[in-house]
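The values are calculated or read from the model by the stated rules, or taken from the named source; none is laboratory data. What you see is a predicted model; the values in this text were computed from it and never measured. Note that we place each Cβ from the backbone using ideal geometry, even for glycine, and neighbour counts take in every protein chain shown.
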Amino acid sequence: MYAKSGDAVTAMAVFNRIELRNVSSWNAVITLHMQRGEVEEALAQFEEMKQRDVISWNSMIAGYSQRGFDARALILFSEMLEESSLKTDKYTLSSVLSACGNLQELEAGKQVHAYIIRAEFDTSGPAGNALVYMYSKCGGVGMAKKVLEVCGTSTLNVIAFTALLNGYIKLGDIDPARQIFDSLHERDVVAWTAMIVGYAQNGGNNDATELFRSMLEEGLMPNSYTLAAMLRVSSNLASLNHGKQIHATADKLGEVLSVSVSNSLISMYARAGNISCARKSFGLIQRRRDSVSWTSMITGLAQHGHGEEALELFEEKLSLDIKPDHITYVGVLSACTHMGLVEKGRSYFRKMRDVHGIEPTSSHCACMIDLYGRAGLLREAHDFIRSMSIEPDVVAWGSLLASCRVHKNLEVAAMAAERILSIEPDHSGAYSGLANVYSACGKWEEAAKIRRSMKERNVKKEQGISWLQIKSQVHIFGADDALHPQRDAIDLRLGKIWVEIKKMGFVPDTASVLHYLDDELKEQLLKHHSEKLAIAFGLLKTPENSTLTIMKNLRVCNDCHSAIKYISKLAGREIVVRDATHFHHFKDGSCSCRDYW
DNA sequence: ATAGGGTTAG
């Protein structure tokens, strides 16, 4: 009675006073321990029992699987099979199947399936649901559908359907997932959330947002999972407005202090350009911070050029004995890269493996190559890539290629480009990267040749675009965008700015133009880079003194970087530019990256 | 007295 009514303490107290315990009360106690996550205590009771029935075993196996000890669940199951006096039932098998699903053990799952068929178990109900779950989790969506045909959709519950829906999402097949979602009669929060996550992961940001709205309309309460997923959508869009709305919703529902929501808020604010709000969210969870909270904050700070603070935070994390993982180290290494801290970066790279036992991944290696390359140590970068313990990938060679442009090294550049193309023949970055090195070296002919062969092979270059959000409207600009309806006003403003900043000492960096043209034409091209258009437009349309935030898909060029510094001073405005990798905060004539990026 | 789905980081 006490166990059922949730009063675990009283239930245990009573249990301990019983001298002649029967199997049922033992079983109840095992379940109680499992519910409270006390796995070892449950096992101790289980081992102490002299007589164990099927339910005792089932409770242990189910409890293990529920608490994430799936491997232990399977081991216990095999021990159970050795006790010939016992017969497994549908509950045993469904727990075992879900453990197989969680462990992605397709083979073991198939064996259980075979057993179910041989023993002629009823697959309507728990066993059918569990089979669909197992196959969906193991990437066997086809088999899951077959099982579904046999056992019938009417007996399948929302849980199995959600697993199937997720199976499709994992394969990137969003449409069949949506079909399942639409066919569900009773959709609960979990099913809604799964679908929203599916969209958020596959670039369907608008679909996710729409779904979220209909969910609210139907009167369903989002929980911390849903909110975290929606904050991820805000991050994808890098939209502060969108993110603030979700934040407000979370506030209303009393979920802002849930760790997963806070973590998502930290990364959303960082990615949407507001690092101080990110700090606030991090501050609000103080002692409940988990490893992800720290990593999110460290990475956010590194992206915003606050490298020292990022490293201080990392040391604080270590001193609190919170283990860093491979993603934490990506943040740490990139913090070093963007401050040019070569020695520090090198020692952290060593520490990662020697102290924390984390094997370097391609991301870590790319960071190291970047670290050396940007600091002008092309030789070290090259040596590093040759000594890598894993096969260098496109990103690694890309980092090397990028540093060749700064250091005008044609030989290494050609080799790096070749390696990239041997891995990914249509990699546009390899072509443009190499062409850029040729241009930077003044070899216009060669550069043009590469651009031509790019065209012949129909390799599409990624177009640079910049965008900004004003109220709820997103304005997108391409380079030299003649199509914008307010183009004349933008041009006029840009013309004035150009004259003024030149008076202040700005010199257009014609070397940033990688085509063979005379200087005046080059200057025209530079003047109409997408981020400059976006900034001119932003200055026209937003209130004075407000911070202007611009997003860009590629990296900012040297000329724009220099021009924006002057513009921030001229207009007395803080300008934030998020490029492909980082945030630049321009204020009063200087940039937070200290011109190192 | 027994099963079960979905989050967050680069």
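Values for this structure:
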quantity	calculated
Total residues in the range A:505-526, condition among the charged types (D, E, K, R), more than 18 Å from A:Val437 (Cα to Cα) and surrounded by 19 or more Cβ atoms within 10 Å (Cβ to Cβ)	0
Filtered residues of the range A:197-206 (kept if assigned to a helix (DSSP H, G or I), within 13 Å of A:Ala177 (Cα to Cα) and more than 9 Å from DNA strand B (Cβ to nearest atom))	A:Tyr199
Yes/no for A:Gly340 being modelled with pLDDT under 90, more than 14 Å from DNA strand B (Cβ to nearest atom) and of a type in the set (Gly, Ala, Ser)	yes
Any hit, the range A:344-360, residues being within 11 Å of DNA strand B (Cβ to nearest atom), on the phi < 0 side of the Ramachandran plot and under 17 Å from the mean Cα position of the chain (by Cα)	no
Hits in the range A:217-231 (condition: crowded, with 22+ Cβ neighbours inside 10 Å and either more than 9 Å from DNA strand B (Cβ to nearest atom) or within 11 Å of A:Ala272 (Cα to Cα) (or both))	A:Met230, A:Leu231
Search result, residues across the range A:413-461 that are in a loop (DSSP other than H, G, I, E, B) and of a type in the set (Gly, Ala, Ser)	A:Gly442
Subset of the range A:110-139 (residues that are away from DNA strand B (no atom under 15 Å from the Cβ) and either surrounded by fewer than 20 Cβ atoms within 10 Å (Cβ to Cβ) or aromatic (Phe, Trp, Tyr) (or both))	A:Lys110, A:Gln111, A:Ala114, A:Tyr115, A:Ile117, A:Arg118, A:Ala119, A:Glu120
Scan of the range A:388-412 for residues that are buried (at least 16 other Cβ atoms within 10 Å of the Cβ), under 24 Å from the mean Cα position of the chain (by Cα) and either outside any helix (DSSP H, G or I) or of a type in the set (Val, Ile, Thr) (or both), ordered by number	A:Pro392, A:Asp393, A:Val394, A:Val395
Residue list for the range A:49-91, filter: near DNA strand B (Cβ under 7 Å from one of its atoms) and either surrounded by fewer than 23 Cβ atoms within 10 Å (Cβ to Cβ) or polar (S, T, N, Q) (or both)	A:Asp53, A:Val54, A:Ile55, A:Asn58, A:Ser59, A:Ala62, A:Ser65, A:Gln66, A:Asp89, A:Tyr91
Qualifying residues in the range A:274-305 (those that are more than 10 Å from DNA strand B (Cβ to nearest atom) and β-branched (Val, Ile, Thr)) - the one surrounded by the most Cβ atoms within 10 Å (Cβ to Cβ)	A:Ile275
Check on A:Ala163, closer than 17 Å to A:Gln201 by Cα, touching a helix residue (DSSP H, G or I) at 6+ places or on another chain (Cβ under 7 Å), touching a residue at least 60 places away in the same chain (Cβ under 8 Å) and not aromatic (Phe, Trp, Tyr)	yes
A:His582 vs. criteria out of contact with any Asp or Glu (no Cβ under 9 Å at 6 or more places or on another chain) and surrounded by fewer than 21 Cβ atoms within 10 Å (Cβ to Cβ)	yes
Condition check for A:Arg353: surrounded by 14 or more Cβ atoms within 10 Å (Cβ to Cβ) and touching a residue at least 60 places away in the same chain (Cβ under 8 Å)	no
Residue under evaluation A:Phe477, criteria (1) under 35 Å from the mean Cα position of the chain (by Cα); (2) touching a residue at least 12 places away in the same chain (Cβ under 8 Å); (3) surrounded by fewer than 17 Cβ atoms within 10 Å (Cβ to Cβ), criterion not met	(3)
Helices (runs of 4 or more DSSP H) (entirely within the range A:220-325) containing at least 1 residues that are out of contact with any helix residue (DSSP H, G or I) (no Cβ under 9 Å at 6 or more places or on another chain)	A:240-252, A:275-284, A:307-319
Members of the range A:41-76 that are free of Cβ contacts under 8 Å to residues at least 24 places away in the same chain and more than 36 Å from the chain's Cα centre (by Cα)	A:Glu41, A:Ala42, A:Leu43, A:Ala44, A:Gln45, A:Phe46, A:Glu47, A:Glu48, A:Lys50
Inter-residue pairs, beta-carbon under 6 Å, first closer than 16 Å to A:Val54 by Cβ and in the range A:24-40, second polar (S, T, N, Q) and within 9 Å of DNA strand B (Cβ to nearest atom), 6+ apart	A:Asn27/A:Ser56; A:Asn27/A:Ser59; A:Ile30/A:Ser59; A:Thr31/A:Ser59
Output for the range A:254-273, where each listed residue is surrounded by fewer than 22 Cβ atoms within 10 Å (Cβ to Cβ), in contact (Cβ under 8 Å) with a residue 12 or more places away in the chain and more than 12 Å from DNA strand B (Cβ to nearest atom)	A:Val256, A:Leu257
Within the range A:154-194, considering residues that are more than 9 Å from DNA strand B (Cβ to nearest atom) and surrounded by 23 or more Cβ atoms within 10 Å (Cβ to Cβ), the one nearest to A:Gly140 (Cα to Cα)	A:Gly167
Flag if A:Ala73 is at pLDDT 90 or above, touching an Asp or Glu at 6+ places or on another chain (Cβ under 8 Å) and not charged (D, E, K, R)	no
Hits in the range A:532-562 - residues which are small (Gly, Ala, Ser), buried (at least 22 other Cβ atoms within 10 Å of the Cβ) and touching a Phe, Trp or Tyr at 6+ places or on another chain (Cβ under 8 Å)	A:Ala534
